[in-house]
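This report refers to the structure that appears directly beneath it.
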Amino acid sequence: MTTAATIPFTDQALEAALRDLRVAAPPSVGFGALVEAGLADCYAAIETPLGAAFVAWNGRGVSWVSPAGDRRTFEDRFREAVGRDIAPAEELPARLRRAIARRLSGERRVRIPLDLRGHTPFEVAVWTKALEIPRGEVRPYGWIAAEIGRPRAVRAVGTALAHNPVPLVVPCHRVVRSDGMIGQYSMGGPDAKRRVLASEGLDTRWLEAEAAAGKRFTGSDTTHIFCHPTCRDARRVTDRHRVSFPNLRAAAAAGYRPCKHCRPVALAAA
Amino acid sequence: MDSDTALAARLASGVEAAFPAVVAEHQDRLYSIALRLLGDRRDAEEVAQDALVRAFRAMRDYPHERVAALRLRPWLASITINLARNRRRRHDDRQPPAALEPLLDAGFEPASDGRSAPSTSADRRETQRELAAALLRLSPAVRAAIVLRHVDGLSVAEVAEALGRPEGTIKAQVHRGLRELRTLLVTASEPSVSHRSPMPAARPLAALEAVR
């Protein structure tokens, strides 16, 4: 055990022994502080309808979502695109994990903080608008453009959605081409988009068939209201009372009013 | 100190840009302070990280002049001390006073980079272990003064600033702390007294009072 020689009897020896009690902090201390301050990020894998995905976050919110894959590749891409350091964590903070699970299962009132620094106000407006589209429904790019007051910026809306850093959390997959076809998707192309929409209960084959047949809007001959075909109100219309329109003008000419939920009217400006 | 003044000036012109340097410069000392106050690595990690985050948020909200005038070493130490005190209070509420043995285990941590312990002889490790355990048996006020003055190496004036006490009080507490530590170390090294019959943790200084 201890020998007398190790006991620091003099003040100097005791003070030196106390100085010796300084230790290096584990790396998690400093890095964790940078993450909380939003100056670096952590990431972990979660399960999604498209398989495992990496979710990156910091003290400000979720900053990045992409299909899980090679860690080094992911980290390099993140550092280059976002300009912050990133390190793996064991798992997401419990609250965030629960919130994302609830969002993916279709709850719209779940609040998930997002860190969208470095993106333009236009991009953020597009992504915020996409959040309003209910699970299992889709809207055309032009609808987003019109709703955010930039009806002519349809192409820019498409670009902004392609650059969505947090796919699935911000459901850019619920925005489709203005001709009703499924369109591109950053999480793995049109097939992945079909898969995630199918996981939300949308019959994509039906949707694309409708689009191919030129049926862009759905109305009810009892209420004389017309909708986007996937609007929950449109899907309640029985076959006997269902009417289809190739465009807004046709719907208006037939004396139909636009649905207040899916708001097809804003498209008229486009 | 000079590097601290320069760092405060950099912080004043941009907290986000300069904060990583604060982390690099101060994380080891804040962690060491928290570890020696609390004796538990996990608690110390959380306190040190939390202290850095709170400092970041405070500096972001302060006017530039106030950030520029910050004396980072005592200021960051005082944030750490306050967080450690709150944590200890929470622990005291839900746990009986800790026994000596787990404190001995938890208080010792080998330096991971070799900077603070160039020699790792068994004797030296044993001394560190016993000293860390003895620190935990000082009263909180005396322990804070000793840790800031001699583990962290702040000046008496800086310790006084960090703890909000007069310099005279700090000097007395440091002096008393050194004396109590020496007594505790001698007591711990006596085979008959050592690990089998530690002093009651609830009144760790009872024996010392008698000696005086």
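Residue check: residue A:189 meets all listed conditions (1) open to solvent by 20 Å² or more (accessible area, probe 1.4 Å); (2) closer than 29 Å to residue A:115 by Cβ but one, namely (1).
So which residues in segment B:10-19 are surrounded by 14 or more Cβ atoms within 10 Å (Cβ to Cβ), of a type outside the set (Lys, Arg) and over 12 Å from residue B:55 (Cα atoms), if there are any at all?
B:12, B:18
Residues are listed down the side, and each one gets a yes or a no for (1) assigned by TED's automatic domain parsing to the domain that holds residue A:196; (2) within 17 Å of the chain's Cα centre (by Cα); (3) open to solvent by 80 Å² or more (accessible area, probe 1.4 Å):
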site	(1), (2), (3)
A:72	no, no, yes
A:76	no, no, no
A:83	no, no, no
A:86	no, no, no
A:89	no, no, no
A:92	no, yes, no
A:96	no, yes, no
A:99	no, yes, no
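The residue of segment B:125-151 that is nearest to residue B:37 (Cα to Cα), among those that are open to solvent by 10 Å² or more (accessible area, probe 1.4 Å), at the interface with chain A (Cβ under 8 Å from one of its Cβ atoms) and not hydroxyl-bearing (Ser, Thr, Tyr), is B:150. Of the helices (runs of 4 or more DSSP H) contained entirely in segment A:142-257, those carrying at least 1 residues that are among the hydroxyl-bearing types (Ser, Thr, Tyr) and not assigned by TED's automatic domain parsing to the domain that holds residue A:65 fall at A:154-162, A:189-199, A:204-212. Filtering segment A:10-58 to residues that are of a type outside the set (Asp, Glu), free of Cβ contacts under 8 Å to residues at least 40 places away in the same chain, at the interface with chain B (Cβ under 7 Å from one of its Cβ atoms) and in a loop (DSSP other than H, G, I, E, B) leaves A:21, A:22, A:23, A:24, A:25, A:26, A:37. In the set (1) surrounded by fewer than 18 Cβ atoms within 10 Å (Cβ to Cβ); (2) away from chain A (no Cβ under 11 Å); (3) of a type outside the set (Lys, Arg), the condition left unmet by residue B:25 is number (2). Checking each residue in segment B:43-52 for being under 16 Å from residue B:89 (Cα atoms) and open to solvent by 30 Å² or more (accessible area, probe 1.4 Å) picks out only B:46.
A count restricted to segment B:35-58 and to residues that are more than 7 Å from chain A (Cβ to nearest Cβ) and within 16 Å of residue A:27 (Cβ to Cβ) stands at 4.
Just the residues that are among the aliphatic types (A, V, I, L, M) and either surrounded by fewer than 20 Cβ atoms within 10 Å (Cβ to Cβ) or at pLDDT below 90 (or both), please, taken from segment A:208-236. Selection gives A:209, A:211, A:212, A:213. A single member of B:119, B:194, B:155, B:189 is modelled with pLDDT of 95 or more, farther than 17 Å from residue B:41 by Cβ and of a type in the set (Ser, Thr, Tyr), and it is B:155. Checked against the criterion of being in contact with an Asp or Glu (Cβ under 9 Å, 6 or more places away or on another chain) and touching a residue at least 24 places away in the same chain (Cβ under 8 Å), the candidates A:118, A:136, A:142 yield just one match: A:136.
For segment A:66-82, the criterion of a residue being hydroxyl-bearing (Ser, Thr, Tyr) and assigned to a helix (DSSP H, G or I) is satisfied by at least one position.
The values are calculated or read from the model by the stated rules, or taken from the named source; none is laboratory data. The model shown is predicted, which means the values in this text are computed figures rather than measured ones. Cβ: placed from backbone, ideal geometry, glycine included. Neighbour counts: every protein chain shown. Protein only, heavy atoms only, side chains kept; ligands, DNA and RNA dropped before computing areas. Shrake-Rupley method; radii C 1.70, N 1.55, O 1.52, S 1.80 Å.
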